[in-house]
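Everything on this sheet refers to the single structure shown next.
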C-alpha cells in the first residue's frame, strides 16, 4: 500500500495485511482545508461529523491498533469517507461551520495529501 508507519508512528510489518483494508480504505481522500475571510481563519468543527455510535462503535480501535493500523479507525474524516455513497456523484462531510458567513470573498486553501498514484 505504500504506507510504512502506523498512525502513531510505529513501523508497520511490510508482510502484514493492511488494516484497515479494502479499496474504500485505500482510496481514502485525506486532503485538508482552511477557509479564510479577510486574512482570518474561519473556524470549522471537524468533530461531530459522523453518526452517533460510529466512533468507538462500528469504527473502534482494536488492541494494539496504534501499532498495526495505518490510520486511526476513530478518525471522523476517515469514518465519513468509509460510508458508502448511494450514487456516483457524492459528497462527504468534512467539517461544519457553526457561524453565519459574511458576504464577501473567501479563500479556501487545500493541502493536497491524496496520493494520486
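The values are calculated or read from the model by the stated rules, or taken from the named source; none is laboratory data. None of these values were measured; they are calculated from a predicted model. Every residue, glycine among them, receives a Cβ derived from its backbone with ideal geometry; neighbour counts consider all protein chains shown.
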### Single condition residue 78 does not satisfy, out of (1) over 23 Å from residue 3 (Cβ atoms); (2) assigned to a helix (DSSP H, G or I)
(1)
## Note on the structure
Residue hits (the stretch 49-89; touching a strand residue (DSSP E or B) at 6+ places or on another chain (Cβ under 7 Å) and farther than 24 Å from residue 18 by Cβ) are 49
### Message
I'm told residue 104 meets every condition in (1) in a loop (DSSP other than H, G, I, E, B); (2) within 28 Å of residue 9 (Cα to Cα); (3) more than 12 Å from the chain's Cα centre (by Cα) except one. Can you identify the failing condition by its number?
### Response
(2)
### Query
Do we find that residue 47 is outside any strand (DSSP E or B) and in contact with a helix residue (DSSP H, G or I) (Cβ under 7 Å, 6 or more places away or on another chain) in this structure?
yes
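Condition check: part of a loop (DSSP other than H, G, I, E, B) and either at negative phi or modelled with pLDDT of 95 or more (or both). Does residue 34 satisfy that? First the steps, then the outcome.
On the way: part of a loop (DSSP other than H, G, I, E, B): no; either at negative phi or modelled with pLDDT of 95 or more (or both): yes.
So residue 34 fails the test.
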### Query
Is at least one residue of the stretch 91-104 exposed (fewer than 10 other Cβ atoms within 10 Å of the Cβ) and closer than 23 Å to residue 26 by Cβ?
yes
